[in-house]
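Here is the structure we will look at.
Values quoted throughout were computed directly from the atomic coordinates according to the rules given, and no laboratory measurement underlies them. Worth saying up front: this structure is predicted, and the values here are computed from it rather than measured. All Cβ positions, glycine included, derive from the backbone under ideal geometry; neighbour counts span all protein chains shown.
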Amino acid sequence: MSKFIEPIILEISPASLGKGEQAILQEIALQLYAQNIFTFGQARRLANLSVWEFQQILGQKNIDRHYNESDLAEDVSTIQIGS
């Protein structure tokens, strides 16, 4: 029995291509988050943005925020490490 992996479709705008690696990573992170492939934390780290900065960009791009048990566990872990 073989399993096939579903392809991930990402579109990088020409404007981002001209702005360099950081802009491209940010666009990829937003798309992976929007497609519910990455958690908030994973996408934020890929984009190399703070929680606040990533939340702002999600709002600007009208991307709905997903929050599930995995995100909660990650947030709790982050808080515990920071203490």
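Structure summary
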{"item": "R0 of 22 Å, Cβ-Cβ distance Q60-L17: FRET efficiency to nearest 0.05", "result": "0.65"}
{"item": "For the chain, with +1 on Lys and Arg beta carbons and -1 on Asp and Glu, the positive-most of Q22, A73, L49 along the dipole", "result": "Q22"}
{"item": "Stretch gain in nm, segment L72-E6, where the contour uses 0.36 nm per residue and the Cα spacing is subtracted", "result": "21.1 nm"}
{"item": "Loop-resident sites, the range 1-72, for trypsin sites (Lys or Arg not before Pro), counting at most 12 other Cβ within 10 Å (DSSP)", "result": "K3, K61, R65"}
{"item": "Sparse-neighbourhood loop sites, chymotrypsin sites (Phe, Trp or Tyr not before Pro) in the range 18-83 - DSSP loop, at most 15 other Cβ within 10 angstrom", "result": "Y67"}
{"item": "Calculated from backbone phi, Karplus (6.51, -1.76, 1.60) coupling profile of the range 8-16 in Hz, x at Gly/Pro", "result": "9, 9, 10, 10, 9, 6, x, 4, 5"}
{"item": "About the Cα centre, charge dipole magnitude for the range 14-82 (Lys/Arg +1, Asp/Glu -1 at Cβ), debye", "result": "220 debye"}
{"item": "Projected-area mean, the chain, by convex hull of Cα positions, square nanometres", "result": "7.4 nm²"}
